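Step one of this worksheet: look at the structure below.
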Amino acid sequence: MKKIILFLVSLVFLFISCSGNDSEVVDGKEVVTIWHYFAEPDVGAFLSYIDEYNSLQDKYFVKAQFVPREELLKQYAMGAVAGELPDIGMIDNPDQASFSKAGLFEDITDRFNAWEDNQFLEGPLNSVKYDGRIYGLPHAVNCLALFYDVDALEENNLEVPTNWAQLENAAKVLTKGDTKGLVWSAVKNEEGTFQLLPWIISAGGNINKINSPEGVRALTFLTDLVKNGYASKELLIWGQADIEKQFNAGKAAMMINGSWMVPSVLKNAPNKNWSVTKIPMDKKYASVLGGENFTIIKGKNVDGAWDFLTWFISSEISERYCKEIGKFSPKSNIDIEKVYGDDPIMKVFADQLKYAVPRGPHPKWPEISSAMINAEHESLTLNKTPQEALDEAQAKIDQINKAD
Amino acid sequence: MKMIKKINSYEILFVIPALGYMLIFVGYPIIYNIVLSFQDTTLMNIGSASKEFVGLENYKNIFSSPLIFITLKNTLFYTVMCLIIQFSLGFLMALFFNLKFRISGFLRGIIIISWMMPTIATALVFKFMLSETGIVNNYLMILGLIKEPILWISNQDTAMWGLIIANSWVGIPFNMLLLSTGLSNVPDSIIESAKIDGAVAWQRLIFIVVPMIKPAILSVLVLGFVYTFKVFDLVFTMTAGGPVNSTEVLSTYSYLLSFKYYYFSQGASVANILAIFLIIVSFIYVRLTSKEEVGE
């Protein structure tokens, strides 16, 4: 009996001792781990840059680990409890503030200020700031624009829309049979909010005060498009990938979508004659800033992480890398017009990017975002008037701000 | 008289692995979740060692928001409707395939495939099929049953029905399989003697078959309730809880609180409310089946 227990106990110890951490050194180099959710087509480029960095110096060895996008935030939260976190973490920019406030990331303000190559665009840089301190580096940015079917516009003698009246008219004329004039994503998550905000800002509204007359005007405009049948009612459950399929299949003549969709439209609708233009405006052009940041996890290999990031997000590498993956560098000293001068599609996005504003940053952005997309749902389903829906959302947002 | 045999010390060893597994992987998370629901754990303090105990504060917070009542109502409606549809159709199909015609086994095998599909795949396929221009609307229009396409899952009034249809498609074969196993255990001789005694088909069904397969019916209903009540992936993929909140259920609400808003304790509280329902149903099941065994 005793022998058996002894045997079992030693088995348990053997198991525990084997499941320890991997060695932190590879070929005499310190290991720096990164969590990311890059998928095709970005991931190939990203990994090749890591290989390049690894071969350039002999102090650090960077190791990338894929974590699915939906899983990543959960992993950070659980990692914070279990102490199992990478050295560098990737994060979508509206989520950054929550985790910065939670104290998960290293405050890199001093290192940042001492870095020679620290020129960043204001919007992306704001997204890594919390309480005036810097907790990460933006790695690539993107924004939304209007994709349109060139042939459909020409057949109907329509100009490319530049303002809301033209957009509404084009959507009306192009709505025929199975085809809707315009689609955007209003799905009940961050994608929906991302696509709602440009309209509010374009009408002259403010993200912090969405129930202003301008906000109401924007939501009324969108609601009318749906009510009149120029936009599909199904956009309430369509994510950005879903509306891209509608556009590719010819079931939508125009769609609001991001620059990261360009390679995919080219691939999936090779015979389509399409182009992009800035989102038609009411009072001013507007878009919302998308993109991811890289953060250094507190107490991990900060020196190694900083060394890699300052190489990867240096102006020289950032320009090369972002062009390769169809996104934009967050560095302010890179001339986007020059980089994309030969690409008419990306040039439009580059132009639109000037009008892109960041979401938040706010540690409770997910809740604020939820209130906003709920307001769009209440209005598009005609449950509430745009004014009622936005008043209700604003009340929630005020409550969130007050509690904070 | 003492019924339980004295257990030899070495026999305990065979139980230890299973017991250990249950304690670590089932017992611990349940207890942890209960403890979590009485603490104030958010993203902001998750890393620190001590969390404040706040008593029933989380439950108070949850019940002060109308969303919990909407999700409770949605979850119950979804569960009951799914159970009714999948049980009745599953039972009819089980009776049908019990007729033992030539290709019944083959057909039964094919139908069971839908139950084996990953839920995510089912959800995506149904999202397409139930869309405005999808195949379901297309056929309904061709048959002249509807004039305008029905917005199955993008209209708040019908979205829940879209989910119920998708889930029933998965649930029917499962019900059929369990019920037909029960049916095959009903001895032909009893049915034959009932026939001789003059019982017509429906009488044989209600008074002989149903009582005889009662254990199978009970387990189908209980398992069905448990599977349906804790639905997550189907809802998450097809509607993400929308339009408005018409398809938000307890599990997606718990996820929203825990992993979108990072109120881990409130999320745990909602999960516990969900668990309470499942425990009650399981308890009733255990009571009913133990009575059954005593009666035998």
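For this structure, a couple of remarks:
- Only one of the numbered conditions (1) in a helix (DSSP H, G or I); (2) among the aliphatic types (A, V, I, L, M); (3) at pLDDT below 95 is violated by A:Val141, and that is (1).
- Residue within the stretch B:171-189 that is within 11 Å of chain A (Cβ to nearest Cβ) and within 20 Å of the chain's Cα centre (by Cα) present: no
- Filtered by the rule that a residue be assigned to a loop (DSSP other than H, G, I, E, B), surrounded by fewer than 24 Cβ atoms within 10 Å (Cβ to Cβ) and within 14 Å of chain A (Cβ to nearest Cβ), the stretch B:211-240 gives B:Phe232, B:Ala240.
- Unique match (being at negative phi, surrounded by fewer than 24 Cβ atoms within 10 Å (Cβ to Cβ) and within 14 Å of chain B (Cβ to nearest Cβ)) among A:Lys227, A:Lys209, A:Lys172, A:Lys180: A:Lys227
- If you filter the stretch B:267-296 down to residues that are at pLDDT 95 or above and of a type in the set (S, T, N, Q), you find that the one that is farthest from B:Gly47 (Cα to Cα) is B:Asn272.
- Of everything in the stretch A:1-50 that is closer than 30 Å to A:Gly326 by Cβ and acidic (Asp, Glu), the residue that is modelled with the lowest pLDDT is A:Glu40.
- The set of residues from the stretch A:238-255 being surrounded by 23 or more Cβ atoms within 10 Å (Cβ to Cβ), among the hydrophobic types (A, V, I, L, M, F, W, C) and within 26 Å of A:Val43 (Cβ to Cβ) comprises A:Trp238, A:Ile243, A:Phe247, A:Met255.
To keep it simple, each residue is scored yes or no on (1) surrounded by fewer than 17 Cβ atoms within 10 Å (Cβ to Cβ); (2) in contact (Cβ under 8 Å) with a residue 40 or more places away in the chain.
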| residue | (1), (2) |
| --- | --- |
| A:Ser264 | no, no |
| A:Ser275 | yes, yes |
| A:Ile296 | no, yes |
| A:Glu319 | no, no |
| A:Ile334 | no, no |
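- Residue ID - nearest to the other protein chains (Cβ to nearest Cβ), chosen from residues in the stretch A:86-116 that are β-branched (Val, Ile, Thr) and not in a helix (DSSP H, G or I): A:Ile91
- If the condition is being small (Gly, Ala, Ser), under 22 Å from B:Thr228 (Cβ atoms) and without any contact (Cβ under 8 Å) to a residue 24 or more places away in the chain, then the stretch B:48-99 contributes only B:Ser88.
- Members of the stretch B:85-102 that are assigned to a helix (DSSP H, G or I) and not aliphatic (A, V, I, L, M): B:Gln86, B:Phe87, B:Ser88, B:Gly90, B:Phe91, B:Phe96, B:Phe97
- Residues satisfying the stated conditions in the stretch B:42-62, i.e. away from chain A (no Cβ under 14 Å) and surrounded by fewer than 15 Cβ atoms within 10 Å (Cβ to Cβ): B:Glu52, B:Phe53, B:Gly55, B:Leu56, B:Lys60
Conditions (1) under 24 Å from B:Asn155 (Cα atoms); (2) acidic (Asp, Glu); (3) surrounded by fewer than 17 Cβ atoms within 10 Å (Cβ to Cβ), marked per residue:
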{"residue": "A:Lys364", "(1), (2), (3)": "no, no, no"}
{"residue": "A:Ser369", "(1), (2), (3)": "yes, no, no"}
{"residue": "A:Glu388", "(1), (2), (3)": "yes, yes, yes"}
{"residue": "A:Gln394", "(1), (2), (3)": "no, no, no"}
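- Whichever residue in the stretch B:7-41 is within 11 Å of chain A (Cβ to nearest Cβ) and assigned to a loop (DSSP other than H, G, I, E, B) and, among such residues, is nearest to A:Ala77 (Cα to Cα): B:Thr41
- Residue in the stretch B:154-162 that is more than 25 Å from A:Gly239 (Cβ to Cβ) and either within 14 Å of chain A (Cβ to nearest Cβ) or over 22 Å from the mean Cα position of the chain (by Cα) (or both) present: no
- Only one of the listed residues (B:Lys195, B:Lys260) is modelled with pLDDT under 95 and under 26 Å from A:Gln75 (Cα atoms). That residue is B:Lys260.
- Selection within the stretch A:47-75 - within 14 Å of chain B (Cβ to nearest Cβ) and touching a residue at least 40 places away in the same chain (Cβ under 8 Å): A:Gln75
- Some residue of the stretch A:215-227 being closer than 14 Å to A:Leu182 by Cα and without any contact (Cβ under 8 Å) to a residue 60 or more places away in the chain: yes
- The one condition from (1) at pLDDT 95 or above; (2) within 14 Å of chain B (Cβ to nearest Cβ); (3) in a loop (DSSP other than H, G, I, E, B); (4) over 24 Å from the mean Cα position of the chain (by Cα) that A:Pro161 does not meet is (2).
The values are calculated or read from the model by the stated rules, or taken from the named source; none is laboratory data. The structure displayed is predicted, hence computed values, not measured ones. Reconstructed Cβ throughout: ideal geometry from the backbone, glycine too, with neighbour counts over all protein chains shown.
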